[in-house]
1. Might you let me know whether segment B:171-187 holds any residue that is in contact (Cβ under 8 Å) with a residue 12 or more places away in the chain and touching a strand residue (DSSP E or B) at 6+ places or on another chain (Cβ under 6 Å)?
2. Being free of Cβ contacts under 8 Å to residues at least 40 places away in the same chain and within 11 Å of A:Leu55 (Cα to Cα) is the filter here, so list the residues in segment B:115-140 that pass it.
3. For segment A:39-61, check the following and say yes or no: at least one residue is loosely packed, with under 12 Cβ neighbours inside 10 Å, more than 7 Å from chain B (Cβ to nearest Cβ) and more than 27 Å from the chain's Cα centre (by Cα).
4. Is it true that some residue in segment A:63-78 is surrounded by 13 or more Cβ atoms within 10 Å (Cβ to Cβ) and more than 20 Å from B:Ala55 (Cα to Cα)?
5. Only residues that are hydrophobic (A, V, I, L, M, F, W, C) and loosely packed, with under 15 Cβ neighbours inside 10 Å: list them for segment A:1-38, please.
6. Just checking, how many residues over segment A:1-27 are more than 9 Å from every other protein chain (Cβ to nearest Cβ) and in contact with an Asp or Glu (Cβ under 7 Å, 6 or more places away or on another chain)?
7. Can B:Leu175 be described as in a helix (DSSP H, G or I) and in the same structural domain as B:Gln200 (by TED's automatic domain parsing)?
Amino acid sequence: MKCSEFLHELTDYLDGVIDAGTKSELEEHLAWCHNCYVVCDTTKKTIEIYRDSKLYELPENLETKLRSAIATRCKSHKNKTSEGKA
Amino acid sequence: MGAIQPKVSEPVSDELALVDAAKAGDDAAFEELVRRYDRNVFRIAQHITQNREDAEDVVQDAFVKAYTNLKQFQGQSKFYTWLVRIAVNEALMKLRRRRPERTVSLDEDVKTEEDSVPREVADWSPNPEQQYTQAELRDILDRTIHGLPATFRTVFVLRDVEGLSTEETAEALSLSIPAVKSRLLRARLQLRERLNKFFQRRDRTNGSQKTVSGDGNQ
């Protein structure tokens, strides 16, 4: 297996959605190709770091403000619709 | 090396019941759906627009749009996937308004062959994120993902940050499954490449960094 073929399968390999035959070919490649091992390992870490990062968490006060604004706008839409029907 | 662990999402078994109740006029049921998903929608919107005020608007607009169009939701997909689709469209509209000089479309396939080929292969420290404070780390991650084209960023966020499946991501973005997979691979590899300079192992003066040729079959 060439490195380019390994990279082509990397996403499915990391997602664990790959058939057993391809998986063992990929792991055989990983066993001797240090570069692909590092790329695979650091790509996996990239995903894990972003997933755990709490980047763009919604602060509680903002969440309260947004929920209230949404509720007001939904209520106003409902009132308009029911006035239209009346 | 094992696969990444799939993100465990909250049980959605009662989601349909909430949607049905909301359709029947139960506002408390809709408010529960807002409580359940507003954080996710905010994160997605912030990732796409890269702007806090726009993200706040997107959260409001997406939920109000979902509320006013609830009857059109047929329950063939998860409510959350339907909501994400609305939110992504709202976020892209904001982005287009803010950057009219740049066309932003999820269909755009940023074709650069080299972006799929790792150029720099460097081992990372065992727990690279621990070299930085939380604030520094967030800044690094923010700036790094900011540099990706919107189409890659969006696929990465839905799949890897929010934990949607490939099929759900394809549905939410109106993309084919191969298109989602191809963008996801490139997004992951580009982020990895960009994070190298922050996370690479620093305990060796040489030999820790290698350049890979296009088809580095060795």
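1. no
2. The answer is B:Gln134, B:Ala135, B:Leu137, B:Arg138, B:Asp139.
3. no
4. The answer is yes; a qualifying residue exists.
5. Within segment A:1-38, A:Val17, A:Ala20, A:Ala31, A:Trp32 meet the criteria.
6. Number satisfying all stated conditions: 2.
7. Considered against the rule, which asks whether it is in a helix (DSSP H, G or I) and in the same structural domain as B:Gln200 (by TED's automatic domain parsing), B:Leu175 comes out as no.
The values are calculated or read from the model by the stated rules, or taken from the named source; none is laboratory data. Remember, predicted model here, so these are calculated numbers, not experimental data. Because the Cβ atoms are built from the backbone with ideal geometry, glycine has one as well, and the counts that use them run over all protein chains shown.
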